Every structure is written in C-alpha cells, then in structure tokens.
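J.: Sending over a structure as structure tokens; questions will come in a sec.
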Amino acid sequence: MSPPLLFEDIFNIINIDPDGKKFDKVSRIEAQSDKFDAYILLDVNIDVYRINKDKRYTIGLATTLDLDGTPDTGYYNQTSRETLADRYEYVMHGRTYRVADVDSDGQEKGEIYVSFGGLLMMLKVDKSVSKHFELDQRLFLLMKRTE
C-alpha cells in the first residue's frame, strides 16, 4: 500500500483575501511553502477554522485518511481507531478538476486544481510532486497550525 500523504509542507501566509472579501464565511489564503517552494491559493471556511496571517500552517494532501494507506472507500468509518485526520485541525474532501504543466519563471511546475464542495484550491509545485496527482482524483486536504 502507498503512503497516505501525497504532499505535505509548511506554508507562510502571504495574503488573506487578495482579491477582496467575497463571502462572509470563506476567506481565500495565498501562501508560499518552505520545503518544496510551492504556492497555494486556498479557500477556507473561516466560520469553522480561523486563519491568522502571522501563523504558519502545515498543509497536506492525501488520497486516504487510513494511516496504513488503505484506499478510501468513499464511506466515513466512525470507529474509534486513529486516522490521519486526528493529526490535523481542519480537513476537507474533494476532487481534482485540473492538473496541468506550466512554466513558472523558467522552471517547469505542475498546477493542481481541486474543488472541495465549492471551496477551491490551486497548488503550484515542482513536477516531481505534481506527477502524483491525476484528473478526477479524490483527495483530502489536511491543515494545522505550526509553531
């Protein structure tokens, strides 16, 4: 079985609502990562999970919440065993709707677009990471504050 996390990095928030506030309970964050030089635009339900520009956040993408990598069945298991979600503060489930190769300042990168029930994410990352993503793939976004 494959490891559950396809991607994980620590992000520094650059901006919140860069195009202005559009919705009362949703903010779009713009952030840059430390390790993979990744850039993310992410819609977050701030009624559920508050975002602070002065904090750093670990963001991960996984195909399953099972720690052993067992593929997701599409059904939520309410047993008391630990899952990947227990290690994070905010979790969303969605599907990729676009995966593309782009040129970014002379570097080949991949862009991954995911919709989490209308909350959107665009992740621009090195192709060595983006090659693990495919169109119409079910993904979990996991997020937590990092010291």
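J.: Can you tell me which residue among Ala62, Ala85 is within 21 Å of Ser130 (Cα to Cα) and open to solvent by less than 50 Å² (accessible area, probe 1.4 Å)? So that I can check it myself, show each step before the final result.
T.: Values: Ala85 fails: within 21 Å of Ser130 (Cα to Cα).
Being within 21 Å of Ser130 (Cα to Cα) and open to solvent by less than 50 Å² (accessible area, probe 1.4 Å) holds for just one of Ala62, Ala85, which is Ala62.
J.: Which numbered condition in (1) outside any loop (DSSP other than H, G, I, E, B); (2) among the acidic types (Asp, Glu); (3) touching a residue at least 12 places away in the same chain (Cβ under 8 Å) is the only one that Asp86 fails?
T.: Here Asp86 meets the rest and fails (3).
J.: Against the condition polar (S, T, N, Q) and modelled with pLDDT of 90 or more, how does Thr64 come out, does it pass? Please lay out each step first, then the result.
T.: Working: polar (S, T, N, Q): yes; modelled with pLDDT of 90 or more: yes.
Spelling it out, Thr64 is indeed polar (S, T, N, Q) and modelled with pLDDT of 90 or more.
J.: So, Arg28, is that one in a loop (DSSP other than H, G, I, E, B) and either within 18 Å of the chain's Cα centre (by Cα) or not polar (S, T, N, Q) (or both) or not? Full working, then the answer.
T.: Working: in a loop (DSSP other than H, G, I, E, B): no; either within 18 Å of the chain's Cα centre (by Cα) or not polar (S, T, N, Q) (or both): yes.
No, not satisfied.
J.: Okay, moving on. Between Arg56, Arg50, which is within 21 Å of Ala85 (Cβ to Cβ) and surrounded by fewer than 15 Cβ atoms within 10 Å (Cβ to Cβ)?
T.: Numbers: Arg56 fails: surrounded by fewer than 15 Cβ atoms within 10 Å (Cβ to Cβ).
After applying the criteria, what remains is Arg50.
J.: Being open to solvent by 40 Å² or more (accessible area, probe 1.4 Å), touching a Ser or Thr at 6+ places or on another chain (Cβ under 7 Å) and not in a loop (DSSP other than H, G, I, E, B) is the filter here, so list the residues in the stretch 129-147 that pass it.
T.: Of everything in the stretch 129-147, those that are open to solvent by 40 Å² or more (accessible area, probe 1.4 Å), touching a Ser or Thr at 6+ places or on another chain (Cβ under 7 Å) and not in a loop (DSSP other than H, G, I, E, B) turn out to be Arg138, Lys144.
J.: Same structure again: Select, from Thr96, Thr70, the only residue that is out of contact with any helix residue (DSSP H, G or I) (no Cβ under 6 Å at 6 or more places or on another chain), of a type in the set (Val, Ile, Thr) and part of a loop (DSSP other than H, G, I, E, B).
T.: Numbers: Thr96 fails: part of a loop (DSSP other than H, G, I, E, B).
Just a single option satisfies the conditions, and that option is Thr70.
J.: Here is a further query. Which of the residues that make up the stretch 11-44 are over 22 Å from Val102 (Cα atoms) and among the aliphatic types (A, V, I, L, M)?
T.: Ile13, Ile16, Val26, Val44
J.: Ok, one more. Any residue that is at pLDDT below 95, outside any loop (DSSP other than H, G, I, E, B) and either under 22 Å from Ile16 (Cα atoms) or of a type outside the set (Lys, Arg) (or both) - is there at least one of those in the stretch 112-119?
T.: no
J.: If you go through the stretch 34-46 one residue at a time, do you hit one that is part of a loop (DSSP other than H, G, I, E, B), more than 25 Å from Glu134 (Cβ to Cβ) and at pLDDT 95 or above?
T.: Taking the stretch 34-46 first, the residues part of a loop (DSSP other than H, G, I, E, B) are 34-38, 46.
From what's left, more than 25 Å from Glu134 (Cβ to Cβ): 34, 46.
Cutting the leftovers down to at pLDDT 95 or above gives us 46.
Checked the stretch 34-46: at least one residue is part of a loop (DSSP other than H, G, I, E, B), more than 25 Å from Glu134 (Cβ to Cβ) and at pLDDT 95 or above.
J.: Give the residues of the stretch 79-120 that are over 12 Å from the mean Cα position of the chain (by Cα) and of a type in the set (A, V, I, L, M), sorted by residue number.
T.: Scanning the stretch 79-120 gives Leu84, Ala85, Val99, Ala100, Val102.
J.: Across the stretch 88-128, what is the total count of residues that are open to solvent by 50 Å² or more (accessible area, probe 1.4 Å) and of a type in the set (Val, Ile, Thr)?
T.: The qualifying residues number 2.
The values are calculated or read from the model by the stated rules, or taken from the named source; none is laboratory data. A quick note: this is a predicted structure, and the numbers were derived from the prediction, not measured. Note that each Cβ is placed from the backbone with ideal geometry, even for glycine, and that neighbours are counted across all protein chains shown. Side chains included, ligands, DNA and RNA excluded: accessible areas come from the protein's heavy atoms. Shrake-Rupley method; radii C 1.70, N 1.55, O 1.52, S 1.80 Å.
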